[in-house]
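Asks: Take a look at this one; I'll ask things after.
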Amino acid sequence: MALLLVSLNAFAYNPSSKEIVIGTTPGDFAELVKDGLRPELEKKGYKVRLVEFSDYVTPNIALAQGALDVNIFQHKPYLDQFAEEKGLKLTALSQVPTAPLGLYAGKSKTLTQVKAGTTVSVPNDPSNLARGLVILADLKWIELPAKADLLRVTPGDIAKNLKGIKIVQLEAAQLPRSREDVDFAIINGNYATLSGLKLTDALFQEKSDAYVNWAVAKTADVKTTHIQEVQKALNSEGFKKYAKNRFKGYKLPRGW
């Protein structure tokens, strides 16, 4: 990954070239950039270069280092926590359509099959781990403390393991494949659809709207022309029309 960061530095924004480098995770967000955002920016004379990352750490580091102009892959709780921990100055620009986190069948095919010893794989990054635990609490498989910070809970905060489940923490990209080895898997929407799953395949989806994802830029760049054009494109009628048609069933940005 270090080699990727070095090569990306050559693609950082150059006013004379009018090139915008956007980083995403594979799947829905990459498609959103290629088929929805890029055409809107090309109308303004920009060239859009897409870079895909297989993890949730490198895109923010690359953005902070200037290897990217914008990234699209994360929700606000994750951004806030990551930026605080790493001392990065990053700013959320505009929300984008987001596939919700869902619990999918693995070796067990229905929710009624849960029992003591049932294994559930969950994302291991802190904010998505918390989301997964909230899903388990909504299912009444675990109980979280009444005053728990639901954006930051960990397995250590579980007050009662009501069904005696075993939680397996994995990197988000590994979750779809983990279904072969666990009873249920809680999978991020983009990785679910990338693996061929349909959002309607989920046995249970998260209820919260707090995790709609954002396009993000360096704070110092927010008022620059190229970042302002990205914001305009994300809120353009052409982009909205594309997104509503392509991402049916997804959580949409507030105000749409």
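Asks: Does Gln81 satisfy being in contact with a Pro (Cβ under 7 Å, 6 or more places away or on another chain) and of a type outside the set (D, E, K, R)?
Replies: Answer is yes for this residue.
Asks: Then there is this: For the range 121-135, indicate whether the set of residues that are assigned to a loop (DSSP other than H, G, I, E, B) and surrounded by fewer than 16 Cβ atoms within 10 Å (Cβ to Cβ) is non-empty.
Replies: Within the range 121-135, not a single residue is assigned to a loop (DSSP other than H, G, I, E, B) and surrounded by fewer than 16 Cβ atoms within 10 Å (Cβ to Cβ).
Asks: So, one more: Select from the range 151-192 the residues that are open to solvent by less than 80 Å² (accessible area, probe 1.4 Å) and among the acidic types (Asp, Glu) and list them in ascending order.
Replies: Asp157, Asp183
Asks: Of the residues Ala233, Ala210, only one is under 17 Å from the mean Cα position of the chain (by Cα) and open to solvent by less than 70 Å² (accessible area, probe 1.4 Å); which? Reasoning before the result, please.
Replies: Numbers: Ala233 fails: under 17 Å from the mean Cα position of the chain (by Cα).
Only one candidate qualifies: Ala210.
Asks: I'd like to know if the range 86-104 contains one or more residues that are part of a helix (DSSP H, G or I), open to solvent by 50 Å² or more (accessible area, probe 1.4 Å), at pLDDT 95 or above and under 26 Å from Leu170 (Cα atoms).
Replies: Yes, the conditions are met somewhere in the range 86-104.
Asks: Give, as residue ranges, the helices (runs of 4 or more DSSP H) completely inside the range 147-256 that count at least 1 residues that are without any contact (Cβ under 8 Å) to a residue 24 or more places away in the chain.
Replies: 175-178, 225-234, 237-246
Asks: Moving on to the next point. In the range 47-70, which residues are open to solvent by less than 20 Å² (accessible area, probe 1.4 Å) and out of contact with any Ser or Thr (no Cβ under 7 Å at 6 or more places or on another chain)?
Replies: Selection gives Val48, Val51, Thr58, Pro59, Asn60, Ala62, Leu63, Gly66, Ala67, Leu68, Asp69, Val70.
Asks: Applying the selection to the range 99-128, what residues are within 23 Å of Gly249 (Cα to Cα) and touching a Lys or Arg at 6+ places or on another chain (Cβ under 9 Å)?
Replies: Once the filter is applied, which keeps residues that are within 23 Å of Gly249 (Cα to Cα) and touching a Lys or Arg at 6+ places or on another chain (Cβ under 9 Å), the range 99-128 yields Ala99, Pro100, Leu101, Tyr104, Ala105, Gly106, Val122, Pro123, Ser127.
The values are calculated or read from the model by the stated rules, or taken from the named source; none is laboratory data. This structure is a prediction, so every number in the text was calculated from the model and none was measured. Cβ sites come from the backbone with ideal geometry, for glycine too, and all protein chains shown count toward neighbours. The accessibility values were calculated without ligands, DNA or RNA, using every heavy atom of the protein model including side chains. Shrake-Rupley method; radii C 1.70, N 1.55, O 1.52, S 1.80 Å.
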